[in-house]
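Reading through the C-alpha cells given below for one structure.
The values are calculated or read from the model by the stated rules, or taken from the named source; none is laboratory data. Not measured: the values here are computed from a predicted model. Note: ideal-geometry Cβ built from the backbone for every residue, glycine included; neighbour counts use all protein chains shown. Protein only, heavy atoms only, side chains kept; ligands, DNA and RNA dropped before computing areas. Shrake-Rupley method; radii C 1.70, N 1.55, O 1.52, S 1.80 Å.
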Amino acid sequence: MAGGKIRKEKPHHGAAAPANPHHQGGIPFHKSKGQHILKNPLLVDSIIQKSGIKSTDVILEIGPGTGNLTKKLLEAGKCVIAVELDPRMVLELQRRFQGTPHSNRLKVIQGDVLKCDLPYFDICVANIPYQISSPLTFKLLNHKPVFRCAVIMFQREFAMRLIAQPGDTLYCRLSVNTQLLARVSHLLKVGRNNFRPPPKVDSSVVRIEPRKPPPVVKFKEWDGLVRICFNRKNKTLGSIFRQKSVLSVLEKNYKTLQALQLSQMESSMDADTTVDVSVLGDTLDDLSLDVEEEDEEDMEMEDGDDKKGSEFKEKVLSVLKKGVFEDKRSSKLQQADFTNLLSKFNEAGIHFS
C-alpha cells in the first residue's frame, strides 16, 4: 500500500452519511498506515511481468492490503509471505483466500516489517507505505541470505533519488549508499489515479538487485564520510573539510584512535566490515558524526586559529590535495571516488567512526 494522505468526509447534518469512497469490502483505509490500494489490474499485471518471478520463488510481499497484488503473486510463484501491520487487512486476506487453491501457499505475518525477523525469500514485490521507504530499503539490503531482487513501489521523488547518478540534481547520500550495496533501475512510472484513494504524489516501481558478493567496506566509516560530503554537496571538498565543525569531529576521532594500541585499533576497524548495513539508512539526525551547518562567515577554520588545530587542518587538506580531491564536489563523485577518498583518509590515520 502506497503512502499519501486520505481526506475524511464529514456527513451532512440531517442527512444519511454518504458512502465512504475509500472503503473496500467494508474496510476503511487508514491514513496513518499509508493505505492506498492498487486498483488498476493492468498495472498489477505489468509489475508481475517485470518482476521476473519464477515458479519456484518464495515471494515476500510487504503491506498486501486487501490482496489485489497478492493474488497475482500466488499465481506466479511457489508461495507468498505477506507482512501486514493492520489486523483488519490480515483478516480480509485470510477470508479472501480461504478455501481457494492458493490458501496453503500464503503465509501472513501480522506485525511491523521494520521490527519483524524476515524469513528466507527469493524476491520481494511490494507496494509499501511511503513513510518507511528508507529504513525498509536498507533492512532488505541487510537481509541474509541475500535475495535475488526486490521490485518495490516508491514515491516518485524517492525512487528518482535511488537511481540518481553523479551530476543529477537528486544525487544524494541515499543514492550513494544504495548504489554501494545494489544495482538499482527504474521500471515504471505510476500515476496517482491508479490507487484507491489516490495519494497526493505520483509513484515509481524500482528494481533493486543486491551486489554479490557485497562490497568489502567499513560501513560506519563509509557513511561518516558520505554524510559529511553531502552536508553541502555543491561545495568543493576543500571548502567542506575546512569547516570548524567537520575538523573538530575528525580531530576528536584522530586523537581517540591515536590513544589506542595499534592492535586494538585494527581489531576494532576490521570488525566494522561486518557491521549492520542498515546504518546507511539512518535519518540525518541519527548518527553522532552529523555536523551542523554554519554561517558562511564562520564556516572555515582560519590558519591562525590555534597551532594544533591548524596542523590537523593541514593534515586533512593534504589528503585532499594528494588525491586531487580538493576542488571536486560531492555531487559529481562516483562510487570509486568515495572509496578512494576513504582509503586515503584512513591511510593518514583519519577515521569517520
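Being surrounded by 22 or more Cβ atoms within 10 Å (Cβ to Cβ), polar (S, T, N, Q) and under 16 Å from the mean Cα position of the chain (by Cα): is that true of residue 204 here? Judged against the criteria, residue 204 is not a match.
Pick from 257, 174, 187: which is in a helix (DSSP H, G or I) and either more than 28 Å from residue 326 (Cα to Cα) or touching a Phe, Trp or Tyr at 6+ places or on another chain (Cβ under 9 Å) (or both)? Can you show your working first?
Numbers: 257 fails: either more than 28 Å from residue 326 (Cα to Cα) or touching a Phe, Trp or Tyr at 6+ places or on another chain (Cβ under 9 Å) (or both); 187 fails: in a helix (DSSP H, G or I).
Just a single option satisfies the conditions, and that option is 174.
Quickly run through the stretch 218-239 and pick out the residues that are farther than 17 Å from residue 254 by Cβ and either open to solvent by less than 10 Å² (accessible area, probe 1.4 Å) or part of a helix (DSSP H, G or I) (or both). Passing the criteria: 219, 222, 223, 226, 227, 229, 230, 231, 232, 237, 238, 239. Of everything in the stretch 55-74 that is at pLDDT 95 or above and surrounded by fewer than 22 Cβ atoms within 10 Å (Cβ to Cβ), the residue that is nearest to residue 137 (Cα to Cα) is 58. Can you find a residue that is touching a His at 6+ places or on another chain (Cβ under 8 Å), at pLDDT below 70 and open to solvent by less than 70 Å² (accessible area, probe 1.4 Å) anywhere in the stretch 259-276? Among the residues of the stretch 259-276, at least one is touching a His at 6+ places or on another chain (Cβ under 8 Å), at pLDDT below 70 and open to solvent by less than 70 Å² (accessible area, probe 1.4 Å), which makes the answer yes.
Output the number of residues of the stretch 45-88 satisfying the condition of being out of contact with any strand residue (DSSP E or B) (no Cβ under 7 Å at 6 or more places or on another chain) and not acidic (Asp, Glu).
Residues that pass the stated criteria total 11.
Among the residues making up the stretch 91-118, those that are touching a residue at least 40 places away in the same chain (Cβ under 8 Å) and under 22 Å from the mean Cα position of the chain (by Cα) are 113, 118. Of the listed requirements (1) more than 26 Å from residue 45 (Cα to Cα); (2) outside any loop (DSSP other than H, G, I, E, B); (3) open to solvent by 50 Å² or more (accessible area, probe 1.4 Å), residue 161 misses just one: (1).
Residue-level check: of (1) under 12 Å from the mean Cα position of the chain (by Cα); (2) buried (at least 21 other Cβ atoms within 10 Å of the Cβ), residue 129 misses just (1).
Can you say whether residue 143 is open to solvent by 10 Å² or more (accessible area, probe 1.4 Å), under 30 Å from residue 336 (Cα atoms) and of a type outside the set (S, T, N, Q), as far as the supplied structure shows?
Spelling it out, residue 143 is indeed open to solvent by 10 Å² or more (accessible area, probe 1.4 Å), under 30 Å from residue 336 (Cα atoms) and of a type outside the set (S, T, N, Q).
If the condition is being assigned to a loop (DSSP other than H, G, I, E, B), within 20 Å of residue 251 (Cβ to Cβ) and open to solvent by 50 Å² or more (accessible area, probe 1.4 Å), then the stretch 321-353 contributes only 353.
Tell me whether the stretch 164-186 contains one or more residues that are within 29 Å of residue 94 (Cα to Cα), touching a residue at least 40 places away in the same chain (Cβ under 8 Å) and surrounded by 22 or more Cβ atoms within 10 Å (Cβ to Cβ). No, because not a single residue in the stretch 164-186 is within 29 Å of residue 94 (Cα to Cα), touching a residue at least 40 places away in the same chain (Cβ under 8 Å) and surrounded by 22 or more Cβ atoms within 10 Å (Cβ to Cβ).
Out of curiosity, is residue 52 closer than 23 Å to residue 139 by Cα, of a type outside the set (A, V, I, L, M) and buried (at least 23 other Cβ atoms within 10 Å of the Cβ)?
No.
What do you reckon, is residue 39 among the basic types (Lys, Arg) and surrounded by fewer than 17 Cβ atoms within 10 Å (Cβ to Cβ)? The answer is yes for residue 39.
Scanning the stretch 44-85 for residues that are outside any loop (DSSP other than H, G, I, E, B), in contact with a helix residue (DSSP H, G or I) (Cβ under 9 Å, 6 or more places away or on another chain), touching a residue at least 40 places away in the same chain (Cβ under 8 Å) and of a type in the set (D, E, K, R) gives a single hit, 61.
Could you tell me whether any residue of the stretch 225-241 is hydroxyl-bearing (Ser, Thr, Tyr) and at pLDDT below 95? No: zero hits.
Residue-by-condition table, conditions (1) at pLDDT 95 or above; (2) farther than 15 Å from residue 44 by Cβ; (3) open to solvent by 10 Å² or more (accessible area, probe 1.4 Å):
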site	(1), (2), (3)
76	yes, no, yes
86	no, yes, no
92	no, yes, yes
134	yes, yes, yes
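Considering the conditions (1) under 25 Å from residue 59 (Cβ atoms); (2) crowded, with 18+ Cβ neighbours inside 10 Å; (3) more than 15 Å from the chain's Cα centre (by Cα), residue 150 is excluded by exactly one of them, (3). Here the stretch 94-126 is the region considered, the condition is being hydroxyl-bearing (Ser, Thr, Tyr) and open to solvent by less than 80 Å² (accessible area, probe 1.4 Å), and the residue that is farthest from residue 146 (Cα to Cα) is 100.
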